[in-house]
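Derivation of every value follows stated rules applied to the coordinates shown; laboratory data play no part. Keep in mind that what you see is a predicted model, and the values were worked out from it rather than measured. We place every Cβ from the backbone using ideal geometry, glycine too, and count neighbours over all the protein chains shown.
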Amino acid sequence: MIDKISTLGGYIHEYQKSVTKPEEFWSRIAESFFWRKKWNKILDWNFSEPKINWFVNGKVNITENIFERHLFTRGNQPAIIWEPNEPNDENRVLTYNELFTEVKKFSNVLLQHGIKKGDRIAFYMPMIPELAIAMLACARIGAIHSIVFAGFSANSLADRIIDAEAKMVITSDGGYRGSKIIPVKEIVDEAVSTCPTVEKVIVVQRTNSEIAFDDKIDLWWHECMAGAEEYHEAATMDAEDTLFILYTSGSTDKPKGIVHTCGGYMVYTAYTFKNVFQYSDGDIYFCSADIGWITGHSYIVYGPLLNGATTMMFEGIPTYPDAGRYWDIVSKYNVSQFYTAPTAIRSLMSKGQEYVENKDLSSLKVLGTVGEPINEEAWHWYHDHIGKNRCPIVDTWWQTETGGIAISPIAGIIPTKPSFATLPLPGIQPIIVDAEGKELSEKSVEGNLCIKYPWPGMLRTIWGDHERFKKTYFSTYENLYFTGDGVKRDEDGYYRILGRVDDVINVSGHRMGTAEVENAINEHPLVNESAVVGFHHDIKGQGIYAFVVCGELSTGGEEGIKTSIRKGVTKIIGPIAKPDRIQLVRSLPKTRSGKIMRRILRKIAEGDYSNFGDISTLLDTSVVDEIIKGALENV
Ligand code: PRX
């Protein structure tokens, strides 16, 4: 098993080793896993092609490291505890033995339906145990899972299925979310009707909703599983075979399929989970994310299970039946580590103390946050009211691309500071650069965050587009991985993430490309063009502000068109991309060469109507005054 860092001195020592002798360092960590064949080279890399190969020629199966490695010692220990949407419905507890049986059976189901190593399978599922079972079955047979968050629209799902040329989709008849039932299968049907590569759709029965069922394509999960063979030998995977694809937004309109591979991702998620959360045997760990995002992949499923941990899966939402739900779960299961997003903390904080008071939170040992900067007020509320001033908060900075946590306190070992992600984990070599890529080596400095050396969990490519991979991450600054984030380092060497410096906004911890939202808005028949920027939002962190130019107004007038724009965006991307504010404008502030001056729009969206800097290159400066006037009326 992986050794835990247990003192500050231990951290400093490990970090030093990871920088001076990275290969030796990672080789020692990797030795604690089961490899079918050992690697013959730890790392083969350059950031110019770019090429990143870890554990070269090593053969491994990640599920063998979850199951076979743990069965003798942990077979009867809960692997997954699933808490349903309705607090009084029966929960499900799957021990390692039981989960293993389900995974093996579903592996055989996949093989029976012609799925081969390397085939892609798209998922569109609510948070039910079958989601974890199916993803692990993919990993076991070497199929590549591409999980799409079940809040995306049919359109977005179809784009992702088409890009990955998925052969199969796994879904459910419906999904419970608070008081709502989400028509999951209906959305899949709409998407699949435009995706010729999909041969089969496997449907889990969850809500018993009336659904269309096409016998030529659709299969019931329970029927497939009823006759499935229980024996299954894991496929031998190369360390660099793709484990999964996960789509994320960037600065263009087309989401990128981030590719993670078997060996490095396994080693990195397991190592970071154990250390950051200081997981000990017997702990109950609860991450409230959805498995449709990277946090769920790495820190609900792979990281915890690779460590033989007990991980929770929650089907519902934090405010159902009331805003005390998370705290009820903590006390019901004696949760030891709780990991959530700042947006959830702010939202629960705004509902008032009464949902926290009288809840037994004494089992908690570690609190975590992820996905966006946490403001000091939320940090203190979390620390005082949830952690009762005794639980360290790990503010974990990372990205879909990093695979696992990269900059973060190690719970109880690295002293915390509100809203600082603190120090890099062993293996991560951050570097701060100015706009020209010059290293800012002073301790206390602000600039763009890059990483200068590979780590095992990093992405390897963008699915089907290596050139885009190179351009997005390795071309801004030579020989550096560019994160897209701005950062500040203080005199203690602590890192504070300031947020994105590219055309990506972070809404409730979810990444949104401004170009993606603009494209969806521009699909509206009355819209000529639009510009989308982020603005400060008390709960969501950032909200979406859209400046829209319309040719004419429809019969519903301004309000009518705003409503139909919001509907359009929901249909094209999903409700998470719906603009919070829409301002109709005569035209956008453009330079003489036709470039939109976004910094002006960002300021206006923030309610700052001065200090626009040099606007002499604007084609028509009166546009700015008009937009300010409109913004004041729009607030
Ligand atoms: O801007 C950073 C922000 O979220 C981005 C990555 O988003 P995504 O790939 O969706 O992954 C989110 C979950 C890992 C980053 O570029 N971000 C993530 N964690 C933090 C953060 N910003 C500040 N503090 C964090 N702890």
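Based on C-alpha pairs under 8 angstrom that are at least 6 apart in sequence, region 221-301 has a relative contact order of 20 percent. Couplings 3J(HN,Hα) of region 145-159, computed from phi: 8, 10, 8, 10, 3, 6, x, 6, 6, 4, 4, 5, 4, 4, 4 Hz, in residue order, whole Hz [Karplus 6.51 cos²θ - 1.76 cosθ + 1.60, θ = phi - 60°; x for Gly and Pro]. Each Cα pair under 8 Å and six or more residues apart adds its separation to the average, and for region 452-507 the resulting relative contact order is 22 percent.
Once the Cβ-Cβ distance of Ser362 and Lys180 is raised to the sixth power relative to R0 = 41 Å, the FRET efficiency obtained is 0.80. Listed by chain and number, the lysines whose alpha-carbon sits under 25 Å from that of Lys629, ignoring those within fewer than 8 places in the same chain, are Lys562, Lys578, Lys590, Lys595, Lys603. Cβ-to-Cβ counts within 10 Å put Trp398, Trp455 in ascending order as Trp398, Trp455, the fewest first. A Förster radius of 60 Å combined with the Cβ-Cβ distance from Glu446 to Asp89 puts the calculated FRET efficiency at roughly 0.75.
With coordinates expressed along the principal axes, the C-alpha atoms belonging to region 243-327 extend over 39, 32, 17 Å, beginning with the largest. Each of Lys540, Lys562 was scored by other Cβ atoms within 10 Å of its Cβ. Arranged with the fewest first, they read Lys562, Lys540. Dipole orientation for the chain: of the candidates Pro50, Gly513, Ile141, Pro50 has the Cα lying most toward the positive pole (charges on Cβ; Lys, Arg +1; Asp, Glu -1). Residues in region 86-99 carry Karplus couplings, in order, of 8, x, 8, 6, 6, 7, 10, 10, 10, 6, 4, 4, 5, 4 Hz; the curve used is 6.51 cos²θ - 1.76 cosθ + 1.60 with θ = phi - 60°, and Gly or Pro positions show x.
Multiplying the residue separation of Thr7 and Tyr231 by 0.36 nm and removing their Cα-Cα distance gives an extension gain of 76.3 nm. Relative to its Kirkwood radius, the Cα radius of gyration of region 501-557 gives an Rg/Rh of 1.05. Each residue of region 287-296 was assigned a 3J(HN,Hα) from its phi angle through the Karplus curve 6.51 cos²θ - 1.76 cosθ + 1.60 (θ = phi - 60°); the sequence is 10, 8, 5, 9, 5, x, 10, 4, 4, x Hz, with glycine and proline shown as x. Across region 508-630, Cα pairs under 8 Å and at least six residues apart give a relative contact order of 23 percent.
What does the charge count near Asn528 come to, summing +1 for each Lys or Arg and -1 for each Asp or Glu among other residues with Cβ under 14 Å from its Cβ? Local charge sum for Asn528: -2. Exposure proxy ranking for Met597, Met458, based on other Cβ atoms within 10 angstrom of each Cβ and starting from the fewest, stands as Met597, Met458. For region 172-224 and region 467-506, what is the separation of their Cα centres, given in Å? Taking the Cα centre of each part, region 172-224 and region 467-506 sit 39 Å apart. Spin-label pair Ile162-Leu553: with each label point 7 Å from Cα along the Cα-Cβ axis, the two points sit 3.5 nm from one another. For Leu71 and Glu190, a Förster radius of 35 Å and the Cβ-Cβ distance give a FRET efficiency of 0.25, rounded to the nearest 0.05. Of the residues Ala577, Leu601, Ser564, the one whose Cα sits farthest toward the positive end of the charge dipole of region 508-630, with +1 on the Cβ of Lys and Arg and -1 on the Cβ of Asp and Glu, is Ala577.
What does the charge count near Lys388 come to, summing +1 for each Lys or Arg and -1 for each Asp or Glu among other residues with Cβ under 13 Å from its Cβ? So the surrounding residues net to 0. Pair-distance distribution P(r) for the chain, from all Cα-Cα distances in 10 Å bins starting at 0: 3, 16, 27, 28, 18, 7, 1, 0 percent. In the structure shown, do any of Lys4/Lys471; Lys116/Lys567; Lys274/Lys359; Lys4/Lys417 have a Cα-Cα gap over 31 Å, and if so which? Check vs 31 Å cut-off fails for Lys4/Lys471; Lys116/Lys567.
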